Amino acid sequence: MPSLVVVGTQWGDEGKGKVVDLLTEFADVVVRYQGGDNAGHTVIAGDDKIVLHLLPSGVLRPNCRCLLGQGMVVRPGRLLEEIDALAARGTSLDPARLTISARAHVVLPLHLAADEAEERRRGERGIGTTRRGIGPCYEDKAARRGVRFADLADPDRLRALVEDATACRAPLLERQGVAVPDPAETCRDLAAAWARLAPFVGDVSRAVHDELERGRHVLFEGAQGTLLDIDQGTYPFVTSSTTVAAGACAGAGVPPGAIDGVLGVCKAYTTRVGNGPFPTEADDETARKLREAGGEFGATTGRPRRCGWFDAAAVRRAVRVNGLASLALTKLDVLQVLGPEIRVCVGYEVDGAVEPEIPLDRLDRARPVYETVKGISEPLRDVRSPDDLPASARRYLALVEKWVGVPVSLLSVGARRAETLVFDNPFRLRRRGASGRHAAVARGPRSAGRG
Ligand code: IMP
């Protein structure tokens, strides 16, 4: 199977960075297709902890080509910072290894200012964005007045675009007391960034096509999570891009048929940053335990994450909308902190019935239905082989597979690469027909109701 999309199944921060980093061992090319530096992927390589916001995790593997698709919104200065930080630790990127789509949109200082102004305007109803200018940049894209990387090559065109965007935004900024960035200064900075980035800019859609034609393994790295998707998430408390697997097609410029499989990354409990509904949010004490044991602080903003019980009904929805073949389950080791019993949301009671999937459009009157099950009673950090998994972890894994209807192909029990158990290589798993120890799951809930 030469192409695999990796997506988050919850509200982001599921541990995609680590999973993608591991899978790049089997990949020749890694493509990011949506979002921008609102994402923050922490990867532990050797003794180094590296946080990436724009570059895909594949940059750490010398033979892996990295592509930033046209569905992304990119702050050039930030990208240069990441390139320089990697160079400082001995990983230098040349145009043969990194291509930025000429059609990717440029996040301007104006967009950061607009993000701040819009959050101030909303006041208590704020989204709790990362303030990285992501929403306003996508707004300008949809309004057809955005700046694309290709526009950076033409100073006159760039100036006209930046001045136009500034004129549209200035009134809101002034009303909210946010300084309006000077268009001339913006253009000067962008010209300096272009002088360095121009050799990296190209046709990513074509590049992915050519790599697939050559039979190379391509991994599409999603950012954020399914419940933050602009269409499939908890709107309006979402990000402004298509985070689900379908976004890989539009954002990287590949047809649906070019995608062979989708892996969902899923944390053994649930977290969210920012505002918006979180039905399985735990009481303060439980949340504190999870936050401390799991290091649940935003990689991008440092904000403490809200923490709660595993929401199998939400993940089940993610399995369906992404067409997941399997799950990478992360941070199972952290559950030990919760003691002998844990709660799991297995459905939602709404309008007198129990729904198996989170009812996104009726959440205001829906109530999570919990099952209390035995927790993780043994430490897992030192487990290196599936055969050595203690009974409590095996039991919990089997339950997760039953609840969400797909097998767990990868299990992470710590932040390091070595702290991962691989049951099945996700590059080999297809939507229907998992093999080996998961055959029973494949024949079970996944095929139910499909005739
Ligand atoms: P924005 O993407 O900065 O506009 O923020 C919109 C919402 O998405 C906020 O709730 C953010 O906290 C959330 N968000 C954006 N990026 C991430 C991420 O990488 N992980 C988790 N939450 C995110």
Summed over the other residues with a beta carbon less than 14 angstrom from that of Cys64, with K and R at +1 and D and E at -1, the charge totals -1
Links exceeding 19 Å between C-alpha atoms in this model, out of Lys289/Lys374; Lys18/Lys49; Lys49/Lys331; Lys18/Lys374; Lys16/Lys289; Lys16/Lys402, come to Lys18/Lys374; Lys16/Lys289; Lys16/Lys402
HN-Hα couplings for the range 347-356 via Karplus (6.51, -1.76, 1.60; θ = phi - 60°), in whole Hz with x for Gly/Pro, come out as x, 10, 8, 8, 6, x, 10, 9, 9, x
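Pop the C-beta distance of Arg159 and Ala250 into the FRET formula with R0 = 30 Å and round what comes out to the nearest 0.05. Show your work: numbers first, answer last.
Values: r = 29 Å, r/R0 = 0.98.
Given R0 = 30 Å and the Cβ-Cβ separation, E is 0.55.
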Expected sort for 290-301, 309-320 on mean C-beta neighbours within 10 Å, highest first, is 309-320, 290-301
With Cα coordinates, the longest principal axis of the chain makes an angle with the long axis of helix 183-197, in degrees rounded to 10, of 70 degrees
Calculated from DSSP helices alone, with each H run of at least 4 adding -39500 (n - 2.57) and the total divided by the residues of the chain, [θ]222 nm to the nearest 500 comes to -9500 deg cm²/dmol
Note: probe point = Cα of Arg367 + 7 Å toward Cβ; backbone nitrogen < 19 Å; residues of the range 313-346 passing the test are 313-314, 343-346
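Could you give the dipole magnitude of the chain about its Cα centre, charging the beta-carbon of Lys and Arg +1 and that of Asp and Glu -1, in debye to the nearest 20? Let's see the in-between values first.
Details: 62 positive and 59 negative charges, 180 e Å.
Here the size comes out at about 860 debye.
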Protection proxy (average C-beta count within 10 Å per residue), highest first, orders 207-217, 250-260 as 250-260, 207-217
Relative contact order of the range 105-198 (C-alpha contacts under 8 Å, at least 6 apart) in percent is 34 percent
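Compute the length gained on full extension between Lys289 and Ala191: take 0.36 nm times their separation in residues and subtract their Cα-Cα distance, giving the result in nm to one decimal. Could you put the intermediate results ahead of the total?
On the way: separation 98, 0.36 × 98 = 35.28 nm, distance 4.78 nm.
Length gained between Lys289 and Ala191: 30.5 nm.
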Note on the range 20-86: alpha-carbon gyration tensor, axes a ≥ b ≥ c; rule is a/c under 1.5 for rounded, else prolate if a/b larger than b/c, else oblate; result oblate
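When ligands, DNA and RNA are left out and all protein chains stay put, how many square angstrom of accessible area per residue does the chain have with a 1.4 Å probe? Let's see the in-between values first.
On the way: 18020 Å² over 451 residues.
Here the residues of the chain average 40 Å² of exposed surface.
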Relative to the chain, whose Cα atoms define the longest principal axis, helix 76-88 and its Cα axis are tilted in degrees, nearest 10, by 70 degrees
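What is the Cα radius of gyration of the range 236-381 over 2.2 N^0.38 Å, N being its residue count? Let's see the in-between values first.
Numbers: Rg = 16.5 Å, N = 146, 2.2 N^0.38 = 14.6 Å.
That ratio works out to 1.13.
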Most packed first (mean Cβ within 10 Å per residue), the peptides 366-375, 272-281, 235-244 order as 235-244, 272-281, 366-375
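How high is the FRET efficiency between Ala184 and Arg89 when r is their beta carbon distance and R₀ equals 51 Å, given to the nearest 0.05?
Using R0 = 51 Å, I get an efficiency of 0.90.
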The simple spin-label model distance between Asp203 and Ala170, using points 7 Å out along Cα→Cβ, in nm, is 3.9 nm
dims of the chain, Cα set, principal axes, largest to smallest, nearest Å -> 65, 50, 47
Non-local residues with an amide H under 5 Å from the amide H of Thr330, with H modelled 1.01 Å from N and Pro and chain starts lacking one, are Cys266, Lys267, Ala268, Ser412
Taking Cα pairs closer than 8 Å and at least 6 residues apart, the relative contact order of the range 255-307 in percent is 38 percent
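For an R0 of 35 angstrom, estimate the FRET efficiency from the Cβ-Cβ distance between Glu341 and Glu124 and round to the nearest 0.05. Write out the running numbers ahead of the final one.
Values: r = 36 Å, r/R0 = 1.03.
Here the calculated transfer efficiency is 0.45.
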At 20 °C in a medium of viscosity 1.002 mPa s, the range 105-198 has a Stokes-Einstein diffusion coefficient, with Rh taken as the Kirkwood radius over alpha carbon pairs, in µm² per second, of 159 µm²/s
Longest principal axis of the chain (C-alpha) makes with the long axis of helix 109-122 (C-alpha) an angle, in degrees to the nearest 10, of 60 degrees
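Share of the range 105-198's accessible area from carbon and sulfur, percent, 1.4 Å?
Of the solvent-accessible surface of the range 105-198, carbon and sulfur hold 50 percent.
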quick note, the range 6-121, DSSP beta bridge pairs, % antiparallel (nearest 5) is 35 percent
If unit charges are put on Cβ atoms (+1 for Lys and Arg, -1 for Asp and Glu) and the dipole of the chain is taken about its Cα centre, the option from Cys266, Gln176, Leu158 lying farthest towards the positive end turns out to be Cys266
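The values are calculated or read from the model by the stated rules, or taken from the named source; none is laboratory data. Just so it is clear, the structure is predicted and the values come from calculations on it, not from any experiment. Cβ: placed from backbone, ideal geometry, glycine included. Neighbour counts: every protein chain shown. Calculation scope for accessible area: heavy atoms of the full protein, side chains included, ligands and nucleic acids excluded. Shrake-Rupley method; radii C 1.70, N 1.55, O 1.52, S 1.80 Å.
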